[in-house]
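To keep things clear, I will list the structure first and then write my remarks on it.
The values are calculated or read from the model by the stated rules, or taken from the named source; none is laboratory data. Remember, predicted model here, so these are calculated numbers, not experimental data. Here the Cβ positions follow ideal geometry from the backbone for every residue, glycine too, while neighbour counts run over all protein chains shown.
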Amino acid sequence: MLNRPFAQIAAEIEEFARTATNLVALEQFTVERIAGRLPAYDWVGFYMLDPDDREMLELGAFVGAPTEHTRIPVSRGICGAAVAQGETMVVDDVRADPRYLACSMETKSEIVVPIRAHGRIVGEIDIDSHSAAAFGVEDRAFLEKCAATVGSFIEKIESSRGLPWP
Ligand code: SME
């Protein structure tokens, strides 16, 4: 059971996903809703696996400072580790993690949550905070719920086209 405002935001994203017609629109709604309501979430974005190169993550919709990391190999960064290890990464102090690829000098902690469709990872939600150790068990549960909503949406649109992702 998610606490408010997490439950409310997760429900709004689910509601949007029911009628969204494309993934870009759902990504955009999701990052704006999350960043707009949660002040400690200073950078909120999607990285999705390139359908033509499943070893490469591509930046999708985001809210926050522009990043030079628009393409990240799955062998690099905390973003890559979430795909390579197939699990949520929570980093309380990014400066202490040698995998960290700097996006903003102000970032102190990060969480990366994989998105699965048809049982495979297709991308992830990445959040940076200017506060250390900003992401706890509730943040993780909330973001995993959001990732599940996006994964289900991808399954829905792909099956309506008769194609598996990617
Ligand atoms: N910090 C990430 C790179 C992406 S930026 O945070 C937007 C990483 O270490 O993979």
*Please find, within the range 100-124, the residue that is farthest from residue 153 (Cα to Cα) out of those that are more than 14 Å from the ligand (Cβ to nearest atom) and in contact with a helix residue (DSSP H, G or I) (Cβ under 7 Å, 6 or more places away or on another chain).*
121
*Quick one: would you say residue 64 is at positive phi, surrounded by 15 or more Cβ atoms within 10 Å (Cβ to Cβ) and either within 15 Å of the chain's Cα centre (by Cα) or at pLDDT below 95 (or both)?*
yes
*Among the residues of the range 143-159, which ones are modelled with pLDDT under 95 and either among the β-branched types (Val, Ile, Thr) or within 22 Å of residue 5 (Cβ to Cβ) (or both)?*
157
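Can you confirm whether the range 103-115 contains a residue that is basic (Lys, Arg) and not in a loop (DSSP other than H, G, I, E, B)? Talk me through it step by step, then tell me what you get.
First, the residues of the range 103-115 that are basic (Lys, Arg): 108.
Still in the list and also not in a loop (DSSP other than H, G, I, E, B): none.
No, the range 103-115 contains no residue that is basic (Lys, Arg) and not in a loop (DSSP other than H, G, I, E, B).
With the requirement that a residue be of a type in the set (S, T, N, Q) and surrounded by 13 or more Cβ atoms within 10 Å (Cβ to Cβ), what does the range 9-48 give you? Steps first, answer last, please.
First, pick out the residues of the range 9-48 that are of a type in the set (S, T, N, Q): 19, 21-22, 28, 30.
Result: 28, 30.
Do any helices (runs of 4 or more DSSP H) lying entirely in the range 1-99 carry at least 1 residues that are within 10 Å of the ligand (Cβ to nearest atom) and under 25 Å from residue 152 (Cβ atoms), and which ones are they? Quick ask: steps written out before the conclusion?
Details: elements: 6-19, 23-37, 77-85.
Filter on the range 1-99 gives 77-85.
Only residues that are among the hydroxyl-bearing types (Ser, Thr, Tyr) and modelled with pLDDT under 95: list them for the range 100-119, please.
104
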*Which pairs do you get when a residue that is closer than 14 Å to residue 126 by Cβ, found in the range 87-102, comes within reach of a residue that is surrounded by fewer than 17 Cβ atoms within 10 Å (Cβ to Cβ) and at pLDDT below 95, reach meaning Cβ atoms under 8 angstrom, with the pair 6+ apart or on two chains?*
94/102
*asked:* Checking the structure you have, find out if any residue of the range 76-93 is surrounded by fewer than 16 Cβ atoms within 10 Å (Cβ to Cβ), on the phi < 0 side of the Ramachandran plot and either in contact with a Pro (Cβ under 8 Å, 6 or more places away or on another chain) or of a type in the set (Ser, Thr, Tyr) (or both).
replied: yes
